[in-house]
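Inspection log for the structure reproduced underneath, given as structure tokens.
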Amino acid sequence: MTHCYQLSINEREEISLGLAQGLSKNYIALSLGRSSSTICRKVNRNTANRQAYRAVKAQDRANKLRHLSPGLINRWKRQYLYGELSGNNNQEIKKLETQVGKLEQMIGKLTMENYILKKEKEYILQRKKEDSSIIPGPYLNPSKKAAD
């Protein structure tokens, strides 16, 4: 269950669509994760004279009860659409993108260093293997002996 008391406009739209489709209030409440008494109360409060439940009208009424002016709500909507309510300004985002780019370059360098070190280790092990021959003197490749 949601612990937020006010219904969002999206929830109100779901209620409106569900009622239009003939779904029960209990089913709508269950699908929204809300109490069935909450849905019944909101629907009964916002339907009169056998009118259909309208999400926008219900939201306007809720806003008036909360003393929110339509102008304030419209300003918040514009700010949200322009990304001004996210808490991050563009400078912070650019700074973070730059840091991510630097970290990606570091990962690339470290990957190359790791690859080089592995190859160096293989080379050293191969050299030790060649040097550990029981025959003294330079290592002669058997194919070269046959050619001589």
Which numbered condition ARG12 fails, given (1) more than 16 Å from ARG61 (Cα to Cα); (2) at pLDDT below 90: (1)
Of all residues in the range 66-87 being exposed (fewer than 10 other Cβ atoms within 10 Å of the Cβ) and not hydroxyl-bearing (Ser, Thr, Tyr), the one that is nearest to ARG12 (Cα to Cα): ARG66
Residue identified as without any contact (Cβ under 8 Å) to a residue 24 or more places away in the chain, surrounded by 12 or more Cβ atoms within 10 Å (Cβ to Cβ) and either touching a Cys at 6+ places or on another chain (Cβ under 7 Å) or outside any loop (DSSP other than H, G, I, E, B) (or both) among ALA58, ALA29: ALA29
Single condition LEU85 does not satisfy, out of (1) within 30 Å of ARG45 (Cβ to Cβ); (2) at pLDDT 70 or above; (3) not polar (S, T, N, Q): (2)
Qualifying residue in the range 34-46 (condition: surrounded by fewer than 12 Cβ atoms within 10 Å (Cβ to Cβ) and either under 17 Å from ASN10 (Cα atoms) or among the basic types (Lys, Arg) (or both)): no
Residues that are closer than 22 Å to PRO70 by Cβ and assigned to a helix (DSSP H, G or I), drawn from the range 1-26: ILE9, ASN10, GLU11, ARG12, GLU13, ILE15, SER16
Residues that are part of a helix (DSSP H, G or I) and either among the basic types (Lys, Arg) or in contact (Cβ under 8 Å) with a residue 12 or more places away in the chain (or both), drawn from the range 32-55: LEU32, THR38, ILE39, CYS40, ARG41, LYS42, VAL43, ARG45, ALA55
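The values are calculated or read from the model by the stated rules, or taken from the named source; none is laboratory data. None of these values were measured; they are calculated from a predicted model. Heads up, the Cβs are rebuilt from the backbone with ideal geometry, glycines too, and the neighbour counts pull from every protein chain shown.
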